[in-house]
Every structure is written in structure tokens, then in C-alpha cells.
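Chemist: What follows is a structure written as C-alpha cells; I'll ask about it next.
The values are calculated or read from the model by the stated rules, or taken from the named source; none is laboratory data. Just so you know, these numbers come straight off a predicted model, no measurement behind them. Every residue, glycine among them, receives a Cβ derived from its backbone with ideal geometry; neighbour counts consider all protein chains shown. When the accessible area is computed, the model is the full protein with side chains, heavy atoms only, and any ligands, DNA or RNA have been set aside. Shrake-Rupley method; radii C 1.70, N 1.55, O 1.52, S 1.80 Å.
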Amino acid sequence: MTAATAGRSLVLSVITSTNGLATVPVAGPIVAGLLVEGALSDSEEYSTGFSTTPASYTFVRGIDKSVALRGRLGVSPGSGRGLLYVTGGVAYADIDHDFVTTNTANSFTMTDDDDWQLGGQIGAGGELYLTNNISLGLEYLYSRYDDDDAYVLVGPGTAPATNPFLLDSGETRLRPSDPNLDIHSVRTTLNFRF
């Protein structure tokens, strides 16, 4: 089991393999393993735009919780008291969405504001074994989620029919320009193996 905090995140993970060990020797100092991880997070991304009315429009999206299944491939140099590894796999995250604006003329309705999205993760890290069952580590992890379902529907509100949001079809859909939610994490870990 691994417990890690990064900012206001809590990560719990279980590292397993076919023989129940954290890593399986492959050949010499080369090791491989499988990691199942659940995480709670407060990471957020803000996308802001402005109009000439003047008004600002901020789309907020953040990961509430996630689960991941990743493989690990690494090398245990020297006397086997450490591990350098690369990791990668699939992830599934609960992404929350919010919208804030200073525009008081139009109506704004968030759609699909809390949904689960599929993604992937890649990274690298290292561990130093303090005992046979306890190690300290440092890990970089890049996560990308396909998040193109949520949008804000802009309606008339109290705005006249000549309002730019209403001219084309009577409504407009706002969303971040990048449909992917990218998260870069640097995490310290305290690992317990049992």
C-alpha cells in the first residue's frame, strides 16, 4: 500500500503481482509490477475568456477522485535497496465542472457538470528502501483525460435578441478550447509492502 500527499491530494495504492510481491524480478536487477491506485484530489484548471461588454467567463474543471491501473518496469541497482522505474496505464476520473461569469444579462446552464472520464497516465520515479517492507519515493506522473462532454449553454436571460450569444441560433455553447484535462504531479511517497 502506498500513501502520498501532493498539495491537497491523498493517494492510496496497492502494488501487486502474480506472487503477491510489489515487484517481480525479471532478469538480474530488472523488476516489473502492477499498481492499482485510488486518489482523492483538489486539483483544478481554470480557462478564462473576456468579451467587449465587458464581462469575464471562467470555466473551472477539477478532479474529485480517480482510479488507475498502471504497470511498472524498473531497475534495482546496487544492493537492491532502491528502485528506479517508469510507469504507465489507464485511469478513470470523476471530473467536476463549474462556471463563473460577470455577465448578468444572459442565462448560463452547466451540462454534464459531474462525470467520469477515461484517460491515461505515464511517469517515472524512484524509491529508496528503508526496510524490506518500507520505502520512501519520489514520482512524476502525467495524467490526461478526455473531457469534451461538459459545456455551458448560454441563453437569452434578460438580454435582447441582438445579444452576440443569441444571433446565430438563439443560444451558444461555451467550453474550454482544449478538450483534454492534463494534470502534472510530483509526489513524495511512503510505501508499505505486506
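Chemist: For the range 97-112, enumerate the residues that are of a type in the set (A, V, I, L, M) and not in a strand (DSSP E or B). Steps first, please.
Modeler: Of all residues in the range 97-112, those of a type in the set (A, V, I, L, M) come to 100, 105, 110.
If the condition is that a residue be of a type in the set (A, V, I, L, M) and not in a strand (DSSP E or B), then Ala105 is the only one that fits.
Chemist: Would you mind stating whether Arg81 is of a type outside the set (Ser, Thr, Tyr), closer than 27 Å to Phe194 by Cβ and modelled with pLDDT under 95? Can you show your working first?
Modeler: Details: of a type outside the set (Ser, Thr, Tyr): yes; closer than 27 Å to Phe194 by Cβ: yes; modelled with pLDDT under 95: yes.
In short, yes.
Chemist: Filter the range 100-123 down to the residues that are within 28 Å of Leu141 (Cβ to Cβ), open to solvent by less than 50 Å² (accessible area, probe 1.4 Å) and either modelled with pLDDT of 90 or more or touching a strand residue (DSSP E or B) at 6+ places or on another chain (Cβ under 6 Å) (or both) and list them by number.
Modeler: To start, the set of residues in the range 100-123 that are within 28 Å of Leu141 (Cβ to Cβ) comprises 112-123.
Remaining after also requiring open to solvent by less than 50 Å² (accessible area, probe 1.4 Å): 115, 117, 119-121, 123.
Answer for the range 100-123, where residues must be within 28 Å of Leu141 (Cβ to Cβ), open to solvent by less than 50 Å² (accessible area, probe 1.4 Å) and either modelled with pLDDT of 90 or more or touching a strand residue (DSSP E or B) at 6+ places or on another chain (Cβ under 6 Å) (or both): Gln117, Gly119, Gly120, Gln121, Gly123.
Chemist: Among residues belonging to the range 124-141 that are of a type outside the set (Gly, Ala, Ser) and within 23 Å of Ser43 (Cα to Cα), point out the one that is surrounded by the most Cβ atoms within 10 Å (Cβ to Cβ).
Modeler: It comes out as Leu141.
Chemist: Moving on. Restrict the check to the range 164-175 and report whether at least one residue is surrounded by 12 or more Cβ atoms within 10 Å (Cβ to Cβ) and of a type in the set (S, T, N, Q).
Modeler: Yes, there is a match, as at least one residue in the range 164-175 is surrounded by 12 or more Cβ atoms within 10 Å (Cβ to Cβ) and of a type in the set (S, T, N, Q).
Chemist: Within the range 135-187, take every residue that is out of contact with any strand residue (DSSP E or B) (no Cβ under 6 Å at 6 or more places or on another chain) and of a type in the set (Val, Ile, Thr) and give me the one that is modelled with the highest pLDDT.
Modeler: The qualifying residue modelled with the highest pLDDT is Thr158.
Chemist: Separate question: Which of the strands (runs of 3 or more DSSP E) found entirely inside the range 117-182 contain at least 1 residues meeting this: under 18 Å from the mean Cα position of the chain (by Cα)?
Modeler: Working: elements: 134-146, 151-155, 172-174.
Where strands (runs of 3 or more DSSP E) fall fully within the range 117-182 and carry at least 1 residues being under 18 Å from the mean Cα position of the chain (by Cα), they are 134-146.
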